[in-house]
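The values are calculated or read from the model by the stated rules, or taken from the named source; none is laboratory data. Please read all numbers here as calculations on a predicted model, not as lab measurements. Glycine gets a Cβ as well: all are built from the backbone with ideal geometry, and neighbour counts include every protein chain shown.
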Amino acid sequence: MALRKGYLLKLKPGALEQYMHWHDNIWPELQKEIADQGIAEITLWNLRDMVILTSVVKDEDSWTRLWDSEIHKKWADIMNPLMHYRPDNVVDSEEITEIWHFEPGKGA
């Protein structure tokens, strides 16, 4: 059963254009790793210096597996100047909690 997950991430000032450039040109090997770790969809939303990431994942650990992968560590090296990172080289983020979802025809 697929799960929806969401995260709030903070960009560094003036980083949005470069952040968007890299995501518009995401590496094929990173795309494969995302799929291999059970992440079926990722959507990014922007509000000022924040990115809201929503995703559909196979299981609770999909994101952790991706963040621990070698290819994502290389991606983190590129994202590091654009975003805030924790000392363990994982993006500094907060998981957001879904409080309501509606699909017409399926009920609330």
Failed criterion for Arg4 (all others in (1) charged (D, E, K, R); (2) in a helix (DSSP H, G or I); (3) touching a strand residue (DSSP E or B) at 6+ places or on another chain (Cβ under 8 Å) hold): (2)
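Going by the structure shown, is Pro13 outside any helix (DSSP H, G or I), of a type outside the set (Ser, Thr, Tyr) and in contact with an Asp or Glu (Cβ under 7 Å, 6 or more places away or on another chain)?
yes
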From the options Asn25, Asn89, residue that is polar (S, T, N, Q) and modelled with pLDDT of 95 or more: Asn25
Residue that is surrounded by the fewest Cβ atoms within 10 Å (Cβ to Cβ), among those in region 16-35 that are aromatic (Phe, Trp, Tyr) and part of a helix (DSSP H, G or I): Trp22
Count - residues of region 50-108 that are under 22 Å from Trp22 (Cα atoms) and either of a type in the set (Gly, Ala, Ser) or assigned to a helix (DSSP H, G or I) (or both): 19
Leading residue by the ranking (nearest to Gly6 (Cα to Cα)) among those in region 39-84 that are more than 13 Å from the chain's Cα centre (by Cα) and not charged (D, E, K, R): Leu47
Selection count where residues are under 13 Å from the mean Cα position of the chain (by Cα), farther than 23 Å from Asp59 by Cα and aliphatic (A, V, I, L, M), scope region 1-25: 2
Flag for Met50 being touching a residue at least 40 places away in the same chain (Cβ under 8 Å), in contact with a strand residue (DSSP E or B) (Cβ under 6 Å, 6 or more places away or on another chain) and more than 26 Å from His101 (Cβ to Cβ): no
Qualifying position, being surrounded by 13 or more Cβ atoms within 10 Å (Cβ to Cβ), at pLDDT 95 or above and touching a Lys or Arg at 6+ places or on another chain (Cβ under 6 Å), among Val57, Val51: Val57
Test: residue in region 36-47 that is in a loop (DSSP other than H, G, I, E, B), surrounded by 13 or more Cβ atoms within 10 Å (Cβ to Cβ) and on the phi > 0 side of the Ramachandran plot: yes
